[in-house]
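Coordinate-derived values only; no laboratory data. Since we're looking at a predicted model, the values are computed, not measured. With ideal geometry, Cβ positions are generated from the backbone for all residues, glycine too; neighbour counts draw on all protein chains shown.
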Amino acid sequence: MKEKYYITTPIYYPSGNWHIGHCYTTVICDCIARYQKMLGKDVFFLTGTDEHGQKIEKKAAEKGVTPIEFVNPLIDDIKSIWNALDISYDKFIRTTDDYHIKAVQKIFKTLYDKGEIYKSEYEGWYCTPCESFWTDSQLKDGKCPDCGRPVSKEKEESYFFRLSKYADRLIKYYEENPEFLQPKSRVNEMINNFLKPGLQDLCVSRTSIKWGIPVTFDEKHTIYVWIDALTNYITALGYGSEDDSLFKKYWPADLHLMGKEIVRFHSIIWPAILMALDIPLPKKVYGHGWLLIGGDKLSKSKEDKIKFELTDPKQLVNRYGSDALRYFLLREIPFGSDGVYTNENLIGRINSDLANDLGNLVSRTIAMINKYFGGIIPEREKETSFDKDLISVAEGVYDKYVAAMDALNAPDALSEVFKLVSRANKYIDETMPWALSKDESKISELKTVMYNLSECIRIAAIYLKPFMTKCPNIILSALSLNGEDYSDFSSVKKFGGLKSGVKVNTIPPLFPRLDLKTEEKEIEDFLKKEKESKMESQVKPEVKLHDHSDKPVIDIEDFAKVQLKVAQVIACEKVEKSKKLLKLTVKLGEEQRTVVSGIAHAYSPEYLVGKKLVMVANLKPVKLCGIESQGMIICAENDKGELSFVSPERDIEDGSQIF
Ligand code: ME8
């Protein structure tokens with residue numbers, strides 16, 4: 001029977017603002033999952049979405065939709081990102097899935113019945129974006145120690161998990177299982193910052209939050225979102241359901257991988273819950289570093305910092321392809337540490353490693369085989385003095401590659417493969433095939449050189465399979481090897497497995513060289529356009545009101561809620577970067593207001609100055625293109641889209657009520 005390997009990403013918040021940093025955890029997991037499969041293991045790779053909690057509740061309310069209506073389209077969105085990046089997950093769990101909800105309720109009840117959860121009163125600080133509770137002493141300058149944002153004081157009846165009693169057991173567990181939490185620096189961080197100062201019992205239910213999983217035996221309580229989220233790793237396998245065969249087969253997880261900011265949840269709270277449930281702990285929890293931009297994490301709420309770089313995963317895949325993006329993420333960031341993301345770094349990696357080193361090696365080899373041997377890979381004949389070293393580099397890759405991958409160190413494993421690529425490029429310079437081809441007596445050496453080069457690119461392609469999903473197969477098809485079963489590493493440990501006498505296929509350049517200046521210019525233009533269209537789309541709330549369909553009959557009370565007033569335009573100008581919007585300064589008696597209106601196509605600013613209009617005066621202010629609009633101008637619009645603002649029939653003071 002195959003050895004099993006269970007690997008998980010964290011489940012993602014459906015924020016919709018996904019950037020390249022978010023892809024980091026999932027791309028590494030995908031690479032490790034593919035690698036473990038190539039080692040012959042039975043791999044189960046889990047990912048999904050973390051859909052409950054106050055944050056989602058708030059966002060949905062802001063949009064005027066229910067939480068589930070808010071999250072549903074975002075789930076399709078994240079799945080399409082994983083699709084674009086060729087992520088080979090076996091299961092996608094949503095915490096709104098029925099089976100998960102039932103299992104979490106069961107787990108909560110079990111913990112309560114065991115006395116691990118008890119009822120009390122919570123008073124403390126809550127950070128909504130991080131969905132985290134903090135004590136006075138844990139706050140940093142009165143703010144959330146994780147993200148630095150303001151926290152709010154919360155007091156309510158709550159259930160508590162007896163986390164405090166697990167501190168010593170956890171320290172002991174870390175000591176006895178040095179492989180459990182990695183890299184090592186995270187162990188010290190957890191012990192010194194959390195475990196040694198002593199753990200407090202954890203508040204695991206809220207009555208003020210409705211969007212979540214209710215406690216079955218006390219329905220006004222909603223289960224704390226992190227308890228709901230962490231248990232996904234077992235509920236996805238059927239734990240707590242009628243069919244727990246996957247749980248029996250795959251648990252304990254071989255690897256939980258995540259960013260360092262959520263290691264605390266995975267290495268303290270999660271193991272304590274598992275201990276309380278008498279379930280074995282995961283074998284490894286690894287907290288990777290962040291992808292930084294401008295010295296900052298591309299984090300959940302700092303999106304404005306990322307506007308100078310193209311960070312949208314789908315746009316990046318459209319532009320550079322999934323292989324280039326995967327390669328960059330797996331190669332550029334020293335594993336366990338932070339790394340810097342810039343478009344320049346990404347383009348640099350594509351040009352130097354993929355276009356120059358790998359791409360050139362493949363295209364030169366295929367071109368030379370075409371030129372010197374009519375496209376047929378020759379058999380090795382006479383050795384050259386450079387073969388030994390080349391072969392020893394090729395045969396030396398395996399041990400170092402496997403050691404690096406087993407340590408989850410993708411950059412080092414890639415670096416071993418690229419040492420072979422560089423060695424093969426150097427071999428071309430050393431053997432000078434163009435010179436050999438001119439000397440009849442050297443043809444048997446030329447044959448050896450061509451065979452060895454083809455074998456090097458075959459070996460490199462197979463090692464690259466966990467990292468990139470397209471280019472290795474293209475390389476293998478260039479060597480007419482696409483029919484071969486290269487689902488493991490058995491054919492690359494020893495040099496010489498390539499069949500000769502096979503016809504090569506000419507392929508387009510694997511990674512065309514990119515011109516940095518052109519790329520930067522195009523990215524800048526693209527980002528500018530995108531920003532403009534985002535601003536335009538912010539005008540939508542007003543556009544929506546131009547809905548000509550019949551509206552429902554309303555009571556006089558409904559109408560009475562709308563306060564209409566006469567307003568006189570005292571200044572008016574176009575809104576920069578918008579084709580539709582005008583910014584009007586209007587007077588309503590003593591009061592002055594700013595109104596942003598989508599009527600620029602119908603009226604010039606000059607025409608409007610001095611005019612008296614009808615305006616909705618009690619509309620909640622909205623920001624349009626960064627300007628707060630404090631009301632709305634009433635217009636008539638015909639089927640052709642022609643506009644006419646509405647004016648009082650005779651001159652009447654501005655500020656007058658309309659009823
Ligand atoms: O934390 N660099 O979800 P999430 C590297 N729902 N990794 C980054 C990153 C960056 N700039 N930004 C985000 C959550 N990530 C919880 C998890 S699990 C039971 C619940 C990584 O959507 C982040 O570190 O905020 C994490 O591994 C993943 O994206 C999902 O983050």
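Going by average Cβ density within 10 Å per residue, which order do the peptides 6-12, 619-625 take, highest to lowest? Spell out each step's value before the answer.
Values: 6-12: 24.1, 619-625: 14.9.
Those peptides, ordered most packed to least, come out 6-12, 619-625.
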Mind giving me the nanometre distance, one decimal, between the label points for D278 and K143, set 7 Å out from Cα along Cα→Cβ? 4.7 nm
In sequence order, calculated HN-Hα J values of region 186-191 (Karplus, 6.51, -1.76, 1.60; Hz; x Gly/Pro): 5, 5, 4, 4, 5, 5
Relative contact order, percent, the chain [alpha-carbon distance under 8 Å, six or more residues apart]: 11 percent
Between the modelled labels at Q315 and K220 (7 Å from Cα along Cα→Cβ) the distance in nm is 4.8 nm
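With the Cα gyration tensor of region 409-524 giving a ≥ b ≥ c as the square roots of its eigenvalues, does the rule (a/c under 1.5 for rounded; else a/b larger than b/c for prolate; else oblate) give rounded, prolate or oblate? Could the numbers behind the result be given before it?
Numbers: a/c = 1.82, a/b = 1.29, b/c = 1.41.
Since a/c reaches 1.5 but b/c is at least a/b, the shape of region 409-524 is classed as oblate.
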Scan around Y5 for amide H atoms under 5 Å from its own, H built in the peptide plane at 1.01 Å from N, and keep only partners 5 or more places away or cross-chain. D42, V43, F44
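Based on the Cβ-Cβ distance from Y398 to E344, what FRET efficiency comes out when R0 is 51 Å, to the nearest 0.05? Kindly include the intermediate steps, with their values, before the conclusion.
Values: r = 34 Å, r/R0 = 0.66.
Calculated transfer efficiency: 0.90.
Would you list R458, R513 from fewest to most Cβ contacts within 10 Å?
Details: R458 25, R513 15.
Placing the least packed residue first, the sequence is R513, R458.
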List the residues whose amide H sits under 5 Å from the amide H of S656, counting only those 5 or more places along or on another chain, with H placed 1.01 Å from N in the peptide plane. V566
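Could you line up C29, C130 from fewest to most neighbouring Cβ atoms inside 10 Å? Write out the running numbers ahead of the final one.
Numbers: C29 25, C130 20.
Least to most surrounded, the residues fall as C130, C29.
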Once each part is reduced to its C-alpha centroid, what is the distance from region 487-521 to region 122-174 in angstrom? 51 Å
Cβ neighbours within 10 Å, averaged per peptide: list 639-651, 473-485 in order, most packed at the top. 473-485, 639-651
If you plug each phi of region 279-293 into the Karplus form 6.51 cos²θ - 1.76 cosθ + 1.60 with θ = phi - 60°, what whole-Hz ³J(HN,Hα) values come out, in order, with x for Gly and Pro? 10, x, 7, x, 6, 8, 10, 10, x, 7, x, 9, 8, 9, 9
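Over the chain, what is the percentage of antiparallel beta bridges among all DSSP beta bridges, to the nearest 5? Kindly include the intermediate steps, with their values, before the conclusion.
Working: 51 of 72 bridges.
Once the DSSP bridges in the chain are tallied, antiparallel ones form about 70 percent.
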Take each of the peptides 423-436, 99-112, average the number of other beta-carbon atoms within 10 Å over its residues, and list them starting from the highest. 99-112, 423-436
Explain nothing, just compute: Karplus ³J(HN,Hα) = 6.51 cos²θ - 1.76 cosθ + 1.60, θ = phi - 60°, for every residue of region 411-424 in order, whole Hz, x for Gly and Pro. x, 5, 5, 5, 4, 5, 5, 6, 5, 5, 4, 5, 4, 5
Put a dot 7 Å past each Cα toward the Cβ at K623 and I171; how far apart are the dots in nm? 4.7 nm
Going by how many other Cβ atoms sit within 10 Å of their own, how do H266, H256 line up, fewest first? H266, H256
Collect residues whose amide H, placed 1.01 Å from N in the peptide plane, falls under 5 Å from the amide H of E157; neighbours closer than 5 in sequence don't count. Y122
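How much length is gained on full extension from D651 to K561, taking 0.36 nm per residue of separation minus their Cα-Cα distance?
Length gained, D651 through K561: 29.9 nm.
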Per its Cα gyration tensor (rounded if a/c is under 1.5, else prolate when a/b beats b/c, else oblate), region 540-658 is best filed as rounded
Give the relative contact order (percent, whole number) for region 351-537; include only Cα pairs under 8 Å separated by 6+ residues. 33 percent
